[in-house]
Amino acid sequence: MVRFITFEGGDGSGKSTQLRLLAEYLSTRGRQVVCTREPGGTNLGKMIRRVLLEAGDEKISPETELFLYLADRAQHVREVVTPALGAGKIVLCDRFTDSTLAYQGYGRGVDLRILEQLNRMASGGVAPDLTFLLDCSPELGLSRTAARMETQKPGGRREDRFERKEHAFHDRVRSGFLELARNDAKRVRLLDAARSIADLHAEIRAIVEPAL
Ligand code: ADP
Ligand code: TYD
């Protein structure tokens, strides 16, 4: 039975949009749903998220960055995810352990086997039953987040460390996610994120409904 569902993919691939639509759908079907995210799913996590996203040009070593994401996860799993699952709720989470493998592992070059162990420790062994990987080119994702920023704050562009990172990094992250999907095809469902919001939602619904 599917209880813990995560959404993964590059920045701007449409994870939060699809998470929200699935949550609305499940709620109308009478399911109790908890929507959450990493980093920033707890109060402590929001502080960590600010440190990560607003570090500006401060140089953060890959290891420092990794431990901040892991600290966020350790708190998030124990404070939000495990209690919600224990109460019989469905948990939808925007990014989880696969993001650490893709960004810190494939993207930044931290050893994948070590990451798997640290992920297990941070998550206390809590693992998603189902993961949607929204795959699109980094260019498409970044153009969407640029458009989103324009709408939220016309004339100004919120520049954070991630959106300024070079394209090669985002390409490595994308290939990493694809490899993770290939290695765990039963859990990770690969979706072409260039399709329309409605099409993607319909496909996600069709996968989730029979699995509940
Ligand atoms: P993420 O959570 O992966 O960063 P969002 O869901 O916030 O992505 O989407 C980024 C922007 O792209 C939003 O403005 C959203 O409305 C838009 N968007 C999301 N999915 C699609 C899609 N399939 N087609 C076109 N635009 C999309
Ligand atoms: P966020 O705004 O949540 O992502 P998005 O732009 O997709 O909505 O930003 C979180 C950033 O943190 C994103 O660039 C991916 C990165 N990240 C990691 O590098 N490692 C991790 O373990 C997690 C959870 C996120």
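The values are calculated or read from the model by the stated rules, or taken from the named source; none is laboratory data. Since this is a predicted model, take the numbers as computed values, not measurements. So basically every Cβ, Gly included, is an ideal-geometry build from the backbone, and we count neighbours across all protein chains shown. Heavy atoms of the whole protein, side chains included, go into the accessibility calculation; ligands, DNA and RNA do not. Shrake-Rupley method; radii C 1.70, N 1.55, O 1.52, S 1.80 Å.
Taking the conditions exactly as written (open to solvent by less than 60 Å² (accessible area, probe 1.4 Å), within 14 Å of ligand 2 (Cβ to nearest atom), out of contact with any His (no Cβ under 8 Å at 6 or more places or on another chain) and in a helix (DSSP H, G or I)), does Glu8 satisfy them or not?
Judged against the criteria, Glu8 is not a match.
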Residue selected from the range 162-203 under the condition of a type in the set (A, V, I, L, M) and within 16 Å of the chain's Cα centre (by Cα), by the criterion most open to solvent (accessible area, probe 1.4 Å): Leu190
Any chance Gly124 is at pLDDT 95 or above and either in contact with a Ser or Thr (Cβ under 8 Å, 6 or more places away or on another chain) or among the basic types (Lys, Arg) (or both): yes
Any chance Leu142 is modelled with pLDDT of 95 or more, surrounded by 17 or more Cβ atoms within 10 Å (Cβ to Cβ) and of a type outside the set (D, E, K, R): no
Residue count, the range 122-136 (criterion: open to solvent by 40 Å² or more (accessible area, probe 1.4 Å) and touching a residue at least 40 places away in the same chain (Cβ under 8 Å)): 3
